[in-house]
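Here is the structure we will look at.
The values are calculated or read from the model by the stated rules, or taken from the named source; none is laboratory data. Predicted model, so just to flag it, every value in this text is computed and none were measured. Cβ placement follows ideal geometry from the backbone for every residue including glycine, while neighbour counts extend to all protein chains displayed.
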Amino acid sequence: MSRVLIIGCGGVAGVAIAKCCQNSDVFSEICIASRTKSKCDAVMEKLQPTTKTKITTAQVNADNVEELVSLIKEYQPDAVLNVALPYQDLTIMDACVATGVDYIDTANYEAEDTEDPEWRAIYEKRCKEEGFTAYFDYSWQWAYKKKFEDAGITAILGTGFDPGVTSVYSAYALKHYFDEIHTIDILDCNGGDHGYPFATNFNPEINLREVSAMGSYWEDGHWVEVEPMSIKREYDFPQVGEKDMYLLHHEEIESLAKNIPGIKRIRFFMTFGQSYLTHMKCLENVGMLGTAPIDFEGQQIVPIQFLKALLPDPASLGPRTVGKTNIGCIFTGVKDGKEKTIYIYNVCDHQECFKEVGSQAISYTTGVPAMIGTMMVVTGQWKKPGVFNVEEFDPDPYMEALNKWGLPWVVDENPQVVE
Ligand code: NDP
């Protein structure tokens, strides 16, 4: 029995909330709080008749620590699940420290205004020291470790699919299949089709920032950075088929490089069709992916936010998306002195997800692990003071929950490898 405050009410939140409502024994009460309260009310009206979980709603501006603190004090949750945007990670963590409540999220901190001089100075120093230039990184949230320890509360970072499930797969592979893992290739394939010429599967602003960033991978103790989309491979994905995939920088590489002892290389690949890449390049070339405000007829607008307003809402793609996703990790390493390779992956069908919770598979594959990560904390299975990535806990109860709550996984001990 627990009481959880869920912040954000978009595509991912919609699934996390639906899953909490299916799991009323654990989530006896939830409060959905977001910037636009009407969206929270609509979700509550749809789900309340179907569940024993008691749902309430609230309006909150999660950029404002005081507002968050007073909401947390009023609702008195056991944990806060942040499924708003990465821009709100630090304010929500501040509010959790101030009120002594556990914190869970699905994406690492990213600054909204990348031209802010204070943020920029720290960012540029980090680029030089660490060797990768993505706008998002874990340093901001890892810096809260002592605050969470002193407050005696837990923060779980990145319990979506990737990061999240891919990181738990890594801990599971290490625990059950290897003495030492040497390489991890994370493969994220969306074989779905929504029928639009161009749309993103989750928040367009965050998604386009991620995929237009320089690519990078971890090798022999340091980052190797490459031009965006400059490394391409083909892979024959089980239940989806042959796809082109491209190397991207991705946030779990940063934490896995620290937490998997003896790791020599970690890469992340995502599939994209040629049409998506052409649209994105064109939007980038004309400045539509800009993250700094510009003056437009006397008004300040941020190009990528304006673009978001024009693109289809990812939460609306559910009814029209067909096909499957396949996301997983290929591990190589040694066990009992012998080299071995395994592939752990999940296949998820867009239409099946829509039938179950009214969402496409990208929101589903993120929202289910968001619920599971929260369940690990509120049931005390993953609970210790500090700030942690998901691979730092025992993977077994989480892996079991994935099978139970809609994201069953497969272990292939003789997979195709990526060159
Ligand atoms: P959406 O844009 O659909 O939803 C974001 C929600 O946050 C909206 O309800 C929005 O409110 C709310 N919000 C935004 N700003 C504020 C604010 N200042 N105060 C209160 N609420 C706010 O995003 P998604 O659901 O697609 O993504 C949610 C999160 O999941 C993101 O952090 C994303 O990076 C992460 N993600 C993680 C993945 C993983 O595998 N780890 C994969 C996909 C996504 P409003 O309705 O008013 O706009």
Strands (runs of 3 or more DSSP E) fully within region 287-384 counting 1 or more residues that are within 16 Å of the ligand (Cβ to nearest atom), in contact (Cβ under 8 Å) with a residue 40 or more places away in the chain and not hydrophobic (A, V, I, L, M, F, W, C): 324-335, 338-349
Out of (1) more than 16 Å from the ligand (Cβ to nearest atom); (2) modelled with pLDDT under 95, the odd one out for residue 202 is which? (1)
I'm trying to understand the selection: among the residues of region 135-149, which are in contact with a strand residue (DSSP E or B) (Cβ under 8 Å, 6 or more places away or on another chain), at pLDDT 95 or above and either more than 16 Å from the ligand (Cβ to nearest atom) or not in a helix (DSSP H, G or I) (or both)? 138, 142, 144, 145, 148, 149
Checked against (1) modelled with pLDDT under 95; (2) closer than 30 Å to residue 406 by Cβ; (3) touching a helix residue (DSSP H, G or I) at 6+ places or on another chain (Cβ under 7 Å), residue 316 satisfies every condition except (3)
Anything in region 322-343 that is aliphatic (A, V, I, L, M) and more than 18 Å from the chain's Cα centre (by Cα)? List them, or say none. 322, 330, 334, 342
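So which residues in region 267-289 are under 16 Å from residue 305 (Cβ atoms) and not acidic (Asp, Glu), if there are any at all? Break it down stepwise before answering.
Residues of region 267-289 that are under 16 Å from residue 305 (Cβ atoms), as a first pass: 283-284, 286-289.
Answer for region 267-289, where residues must be under 16 Å from residue 305 (Cβ atoms) and not acidic (Asp, Glu): 283, 286, 287, 288, 289.
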Suppose we filter 183, 159, 133 for residues that are more than 30 Å from residue 405 (Cβ to Cβ) and either of a type outside the set (A, V, I, L, M) or in contact with a Cys (Cβ under 9 Å, 6 or more places away or on another chain) (or both); which single one remains? 133
Residues of region 363-419 that turn out to be among the β-branched types (Val, Ile, Thr) and either over 17 Å from the mean Cα position of the chain (by Cα) or at pLDDT below 95 (or both), as a count: 7
